[in-house]
Amino acid sequence: MKGLTQLVLFVSFAVTPALAQSGDPQRGQQDFRACAPCHSLEPDRNMTGPSLANLWARKAGSLPSFERYSDALKSSGIIWDDRSLNAWLTNPQEMVPGNDMPFEGIKEPSVRADLLAFLKEATKPGTPAQTAQNRMNGMGDMKGGMMGGGGDRNLKNPTPNEQVKAITYCHDTYRVTTADGKTRAFWERNLRLKTDSSKDGPQSGAPALVPAGMMGDRADVIFAAPEEISKMIEARC
């Protein structure tokens, strides 16, 4: 079985240049929407995963600004190029056992080819950062009870229905009051308290409410720093 796996990966490496050349970057840009919630194309703008800017010819696990690489990836010795990225997109765990990427792989060669064609152009040094994340974020909407996904947008100047003014906690329920005067109730497991210290995070003392589900019953409250969380929440029924 091990020999068969190595053969599959060898074939995957061997055909990658042809796949990359035949890929459609426009289709790949659409496919990247599945990657955009976790990976930015802006240099050193790290999210759940590392920024993909300047990815080609970079050693795996080596981006200095990203601190959450698995030991397996850091010690892999992989250099990212057409071949290695194709194998990674096919099956990350098969390529680097024990890595932390929560992704089962893309089995369709044409989809991988399209995504590689897009990424190869979008991640080149000096290329203006693509705004796939921004386009996705614009699809979210908080009107009428928070219908839609939020995304990783800039929170320095939140809208009135995003700007958190007060949070109370009673029994199993958080109630979040925003600057538009509305108060929304969330089951305690449906409200996540997060921090964002990046340039896109909220200003100190001005946390933001961001939708996190399609039914309006889940959300994130994002703070500028951990110490602000307990100060903001009042235990009151």
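Rule-based calculations on the coordinates, nothing more; no lab input. On a predicted model such as this, the values are computed, not experimentally measured, just so you know. In this analysis, Cβ positions are derived from the backbone assuming ideal geometry, glycine residues included, and neighbour counts consider all displayed protein chains.
How many nm is it between the label spots at SER204 and LYS74, if each spot is 7 Å from the Cα in line with the beta carbon?
Result: 3.1 nm between the two label points.
Which value in nm describes the separation of the simple spin-label points at THR48 and GLN30, placed 7 Å from the Cα toward the beta carbon?
2.3
List CYS170, CYS35 from most exposed to least, where exposure is judged by having the fewest other Cβ atoms within 10 Å.
On the way: CYS170 13, CYS35 19.
So the residues, fewest neighbours to most, are CYS170, CYS35.
Under 8 Å for C-alpha pairs, at least 6 residues apart: give me the relative contact order for the stretch 140-235, rounded to a whole percent. Write out the running numbers ahead of the final one.
On the way: 208 pairs, mean separation 30.5, N = 96.
About 32 percent, as a whole number.
Quick query: amide H of MET47 versus all other amide H atoms, modeled in the peptide plane; which residues come in under 5 Å with a sequence gap of 5 or more or a different chain?
Amide H neighbours of MET47: SER40.
Karplus couplings for the stretch 162-179 from phi (6.51 cos²θ - 1.76 cosθ + 1.60, θ = phi - 60°), rounded to Hz, Gly and Pro as x?
Using θ = phi - 60°, the values come out as 9, 6, 7, 9, 7, 9, 10, 10, 9, 6, 10, 10, 9, 10, 10, 9, 10, 5 Hz.
Given points 7 Å out from each Cα along the Cα-Cβ axis, report the SER110 to ARG189 separation in nanometres with one decimal.
About 4.1 nm, to one decimal.
For MET95, MET47, which order do you get if you count the other beta carbons within 10 Å of each Cβ and list the fewest first? Walk me through the numbers before you get to the answer.
Numbers: MET95 23, MET47 16.
Ranked by crowding around the Cβ, least crowded first: MET47, MET95.
Can you list the HN-Hα couplings for the stretch 227-237, worked out from phi with the Karplus curve (6.51, -1.76, 1.60; θ = phi - 60°), rounded to whole Hz and with x for Gly and Pro?
Here the 3J(HN,Hα) series is 5, 6, 5, 5, 5, 7, 8, 10, 7, 7, 9 Hz.
Using 0.36 nm per residue of separation minus the Cα-Cα distance, give me the extension gain between THR127 and GLU227 in nm, one decimal.
Values: separation 100, 0.36 × 100 = 36.00 nm, distance 3.76 nm.
Here the segment from THR127 to GLU227 would lengthen by 32.2 nm.
Return ASP24, ASP220 ranked ascending by Cβ neighbour count within 10 Å, so the fewest neighbours appear first. If you can, show how the numbers build up before the last one.
Numbers: ASP24 15, ASP220 18.
Final ranking by Cβ density, sparse to dense: ASP24, ASP220.
May I ask you to evaluate 6.51 cos²θ - 1.76 cosθ + 1.60, the Karplus curve with θ = phi - 60°, for each residue of the stretch 48-61 and list the ³J(HN,Hα) values in order in whole Hz, giving x for glycine and proline?
Per-residue couplings from phi come out as 4, x, x, 4, 9, 4, 6, 6, 4, 6, 8, 6, 4, x Hz.
I need the peptides 159-168, 109-118 ranked by packing, meaning the mean over residues of other C-beta atoms within 10 angstrom, with the highest value on top.
On the way: 159-168: 17.0, 109-118: 21.7.
Descending mean neighbour count gives 109-118, 159-168.
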